[in-house]
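Novice: My questions all concern the structure below.
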Amino acid sequence: MARNLILSFETSCDETSVAVIENGDTILSNIVATQIKSHQRFGGVVPEVASRHHIEQITGCIEDALARANVTYDDLSAVAVTYGPGLVGALLIGVTAAKAVAWAHQLPLIPVNHLAGHIYAARLVEPIEFPAMALVVSGGHTELVYMPVENRFEIIGETRDDAAGEAYDKIGRVLGINYPAGKQVDEMAHQGRDTFHFPRAMDQDANFDFSFSGLKSAFINTVHHADQIHETLNKNDLAASFQQAVVDVLADKTVRALHEYPVKQLIVGGGVAANKGLRERLGKELQAFPQTTLELVPLSLCGDNAAMIGAAGEMLYRHQVFTDATLNADPGLEFDWLGDSPVK
Amino acid sequence: MKILAIDTSNQPLSVAVTADDSLLAETTLTTHRKHAEFLMPVIEDLVGKAGLTPKDLDRIVVASGPGSYTGIRMATTVAKTLAATLDIELVTVSSLLALALNITKPAGLINPIFNARNQNLFTGLYQIKNGEPTPVIADQHTNITDWLADIADIDQQITIVGETAPFEAAFSQQFGDRLMVADKLAAIPDAAKIGLYGAKLTPVQDVDSVVPRYLRLTKAEADWRKEHPNEDTRHYVEKI
Ligand SMILES: [Zn+2]
């Protein structure tokens with residue numbers, strides 16, 4: 001069988017990334033130019049600044065990806081690109097560049113949902129077995145996605161307000177940690193204890209949805225109240241209490257979903273999937289599900305990257321999901337939604 | 001030399017394919033708002049209708065700004081990606097100069113204008129030398145009061161072209177009957193003229209480093225630089 005090589009693009013937020021993926025599961029190259037240092041100046045991602053950085057980086061990343069993979073355009077089977085969800089001005093740079101490359105070399109163009117990418121990052125380590133469940137947690141998303149068969153994605157639960165990663169960044173600011181705060185809060189949490197018992201929102205509700213804004217407010221109120229009465233709180237305990245509340249809700253909802261939808265694999269992806277507390281907890285919970293294996297996306301592929309877009313793109317390639325030069329960015333792109341159906 | 005020329009700096013979209021000193025195909029649209037959906041299909045269509053394939057192109061000429069941020073990013077991304085991926089030449093021209101190319105028989109100076117709202121404008125001043133527009137005052141983002149003060153000494157005729165309507169009264173007050181207002185058609189960029197003009201220019205050395213001519217920092221960046229005047233702002237993006 002001739003090898004399938006996909007050149008993939010990812011520019012949905014603050015990483016410019018181009019990769020070459022062989023047969024959907026092998027990374028030949030995965031170039032990531034991160035803008036984090038730039039946006040740290042502003043305490044968060046500024047969309048217009050992100051777009052400007054993407055256009056500075058895009059062609060250099062393409063050339064590096066091909067050179068590192070040691071392939072030429074003639075070797076490629078297709079071009080894949082994230083077209084949503086994400087920041088529209090950022091997405092447009094990847095979409096436009098991918099369309100230009102596809103036309104220049106007369107290659108098919110594959111439109112990829114960014115969340116499918118976070119899920120399909122798992123197959124760069126192990127093949128995905130269906131039915132499968134995915135918990136995608138990142139700065140922009142907190143979703144439980146059920147996949148009965150390949151190329152079907154059904155959201156069964158999502159956040160009603162802030163994404164988990166967003167809550168980390170907001171409470172990180174209160175603790176004096178610059179964006180992105182996840183890694184440092186995680187480290188502090190491992191040195192503290194859950195002494196504050198923050199609320200676990202919606203934890204007992206009979207659905208798979210999440211809410212983190214109440215937790216965020218409780219955290220901020222606790223710190224402000226202590227400031228007013230000149231009391232100093234232990235920052236590690238604050239971090240541990242916050243993280244325990246997040247992990248409890250994510251784990252409890254995931255466990256409930258696994259009872260409702262028995263699956264062969266639970267995939268955990270997205271930037272917050274790098275969180276050690278969450279990884280440890282899900283490992284323990286999965287012991288009660290001997291038929292389900294836990295696929296934690298490796299730390300190096302949890303953040304936004306084009307390798308995962310190539311991994312999802314190859315699956316779409318086999319299903320003949322192609323688009324043409326009219327492809328536009330879709331910042332609010334969604335999967336099918338199962339969440340409104342009553343819980344059995 | 002076969003050239004693909006592109007301008008999507010503002011609402012109009014203009015694309016042309018030229019060969020040496022002649023036009024093979026051109027499309028100009030003013031009726032849509034989605035360059036993201038229209039630009040690549042128009043390019044594909046025109047290159048095909050010109051009887052060419054992408055690999056037949058020798059050079060891309062792009063109007064890279066100023067203009068709408070999204071518009072100039074679309075054109076510049078297509079242009080630099082095509083130039084890089086096809087390994088062909090890239091020429092960038094000012095989108096204001098591109099409008100000056102539309103004034104074929106000027107008397108005096110040419111002052112192209114894009115409206116940047118709230119009395120602000122992108123503008124520059126051009127003079128025809130050896131048949132081509134040459135900058136007299138560099139393209140800039142400014143406000144109408146400052147700009148009129150900058151050009152107060154001009155004693156020649158001046159032709160304004162582009163999104164002139166919000167500024168015509170102020171120009172008229174300063175220049176009286178020395179002011180000419182170009183017609184509406186001249187306010188629409190013509191990619192054929194941009195291609196033929198760009199055919200004579202030296203291509204850029206480093207395609208990867210090409211960025212749009214924004215002529216204006218983002219607000220976040222401007223505020224930050226005010227507070228950090230001595231910081232080196234070049235190395236904020238790193239490959240990991
Ligand atoms: Zn992501």
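The values are calculated or read from the model by the stated rules, or taken from the named source; none is laboratory data. Bear in mind the structure is a predicted one, so any value in this text is a computation, not a measurement. In this analysis, Cβ positions are derived from the backbone assuming ideal geometry, glycine residues included, and neighbour counts consider all displayed protein chains. Accessible surface areas use protein heavy atoms only, side chains included; no ligands, DNA or RNA. Shrake-Rupley method; radii C 1.70, N 1.55, O 1.52, S 1.80 Å.
Novice: Once you've got the Cα coordinates, tell me which of B:K80/B:K184; A:K235/A:K276; A:K99/A:K183 are over 27 Å apart.
Specialist: Numbers: B:K80/B:K184 30 Å; A:K235/A:K276 18 Å; A:K99/A:K183 35 Å.
Long pairs (Cα-Cα over 27 Å): B:K80/B:K184; A:K99/A:K183.
Novice: Next up: Determine the relative contact order of region B:103-187: mean sequence separation of Cα pairs under 8 Å and six or more apart, normalised by residue count, in whole percent.
Specialist: 30
Novice: If the cut-off is 20 Å between C-alpha atoms, which lysines fall inside it for B:K129, apart from same-chain ones fewer than 8 positions away?
Specialist: In chain and number order, the partners are B:K105, B:K193, B:K200.
Novice: If you don't mind, there's one more thing I want to ask. Among B:P133, B:L90, B:A220, flag the residue with its Cα farthest along the positive direction of the charge dipole of chain B, charges on Cβ as +1 for Lys/Arg and -1 for Asp/Glu.
Specialist: It is B:A220.
Novice: What number comes out for the charge environment of B:L24, summing +1 per Lys or Arg and -1 per Asp or Glu over other residues with Cβ under 12 Å away?
Specialist: Cβ neighbours under 12 Å give a net charge of -2.
Novice: Let me ask something else about it. Relative contact order of chain A: what whole-number percent is it, with Cα pairs under 8 angstrom and at least 6 residues apart?
Specialist: Details: 767 pairs, mean separation 86.2, N = 344.
It rounds to 25 percent for chain A.
Novice: Indicate the residues belonging to region B:54-75 that lose 30 Å² or more of solvent-accessible heavy-atom surface (probe 1.4 Å) upon moving from the chain alone to the assembly of all protein chains, ignoring ligands and nucleic acids.
Specialist: B:P54, B:K55, B:R73, B:M74
Novice: Can you list the GluC sites (Glu not before Pro) in region A:161-237 that are in a DSSP coil and have 16 or fewer other beta carbons within 10 angstrom?
Specialist: Sites meeting the loop and neighbour criteria: A:E231.
Novice: Tell me whether region B:103-187 comes out rounded, prolate or oblate; compute the Cα gyration tensor, take square roots of the eigenvalues as a ≥ b ≥ c, and use a/c under 1.5 as the rounded threshold.
Specialist: rounded
Novice: Return one whole number: the accessible area per residue of region A:128-296 in Å², for a 1.4 Å probe.
Specialist: Value returned for region A:128-296: 42 Å² of accessible area per residue.
Novice: More than 33 angstrom separation, counting every C-alpha pair in the protein assembly as shown; what % is that?
Specialist: Above the 33 Å cut-off, the protein assembly as shown has 50 percent of its Cα pairs.
Novice: At 222 nm, what helix-only mean residue ellipticity would chain B give, in deg cm²/dmol to the nearest 500, using -39500 (n - 2.57) for each DSSP H run of four or more?
Specialist: -8500 deg cm²/dmol
Novice: Keeping the other protein chains in place, figure out the carbon and sulfur percent of the accessible area of the protein assembly as shown, with a 1.4 Å probe.
Specialist: Values: 11670 of 24120 Å².
Ligands and nucleic acids excluded, carbon and sulfur reach 48 percent.
Novice: Please sort through the DSSP H helices of chain A and keep those with an alpha-carbon extent of at least 15 Å along the long axis and a Kyte-Doolittle average not below -1.0.
Specialist: A:47-69, A:88-104, A:164-174, A:213-228, A:235-260, A:306-318
Novice: Excluding residues fewer than 8 places away in the same chain, name every one of the lysines whose C-alpha is closer than 21 Å to that of A:K264.
Specialist: A:K253, A:K284, A:K344
Novice: Also, I was wondering about something else. How big is D for region A:128-296, in µm² s⁻¹ as a whole number, if Stokes-Einstein is applied with the Kirkwood radius of its Cα pairs at 20 °C and 1.002 mPa s?
Specialist: 132
Novice: Dipole magnitude of the protein assembly as shown about its Cα centre, charges +1 at Lys/Arg Cβ and -1 at Asp/Glu Cβ only, in debye to the nearest 20? Write out the running numbers ahead of the final one.
Specialist: Values: 47 positive and 73 negative charges, 49 e Å.
Here the size comes out at about 240 debye.
Novice: Let me ask something else about it. May I ask for the percentage of alpha-carbon pairs in region A:1-150 that lie more than 21 Å from each other?
Specialist: Of all Cα-Cα pairs in region A:1-150, 46 percent lie more than 21 Å apart.
Novice: Still on this structure: Beyond 29 Å, what share of the Cα-Cα pairs of chain A is found? Please give it as a whole percent.
Specialist: The proportion of pairs with Cα distances above 29 Å equals 39 percent.
Novice: I need to check one value: relative contact order of chain B, counting alpha carbon pairs closer than 8 Å and at least 6 residues apart, in percent.
Specialist: Details: 461 pairs, mean separation 53.9, N = 240.
Dividing the mean separation by the residue count of chain B yields 22 percent.
Novice: Using the Cα centre as the reference, give the magnitude of the dipole from point charges on the C-beta atoms of chain A (Lys, Arg: +1; Asp, Glu: -1; all else neutral), rounded to the nearest 20 debye.
Specialist: For this selection, approximately 440 debye.
Novice: What FRET efficiency, computed as 1/(1 + (r/R0)^6) with R0 = 30 Å and r the Cβ-Cβ distance, is obtained for B:R225 and A:D248, rounded to the nearest 0.05?
Specialist: Rounded to the nearest 0.05, the efficiency is 0.10.
Novice: I would also like to ask the following. P(r) of region A:1-82 in 5 Å steps, Cα pairs, percent per bin?
Specialist: 3, 16, 26, 21, 14, 10, 7, 3, 1, 0
Novice: Now for a separate question. Tell me what chain A gives for mean residue ellipticity at 222 nm when only DSSP H runs of n ≥ 4 count, each as -39,500 (n - 2.57), the sum divided by the residue total, rounded to 500 deg cm²/dmol.
Specialist: Calculated mean residue ellipticity at 222 nm is -13000 deg cm²/dmol.
Novice: Now a separate question. How much FRET efficiency would the formula 1/(1 + (r/R0)^6) give for A:E260 and A:T195, where r is the Cβ-Cβ distance and R0 is 35 Å, rounded to 0.05? Don't skip to the end; give the middle numbers.
Specialist: Working: r = 33 Å, r/R0 = 0.95.
Result of the calculation: an efficiency of 0.55.
Novice: If you take the square roots of the eigenvalues of the alpha-carbon gyration tensor of region B:26-105 and sort them as a ≥ b ≥ c, do you get rounded (a/c under 1.5), prolate (a/b over b/c) or oblate?
Specialist: Taking the square roots of the gyration eigenvalues as a ≥ b ≥ c, region B:26-105 is rounded.
Novice: Whole number please: convex hull volume per residue, Cα atoms of chain B, in Å³.
Specialist: Working: hull volume 36.6 nm³, N = 240.
About 152 Å³ per residue, rounded to a whole number.
Novice: Does region A:248-338 come out rounded, prolate or oblate by the C-alpha gyration tensor, with a ≥ b ≥ c the root eigenvalues, rounded set by a/c under 1.5 and, if not, prolate when a/b is larger than b/c and oblate if not?
Specialist: It comes out prolate by the Cα gyration axes.
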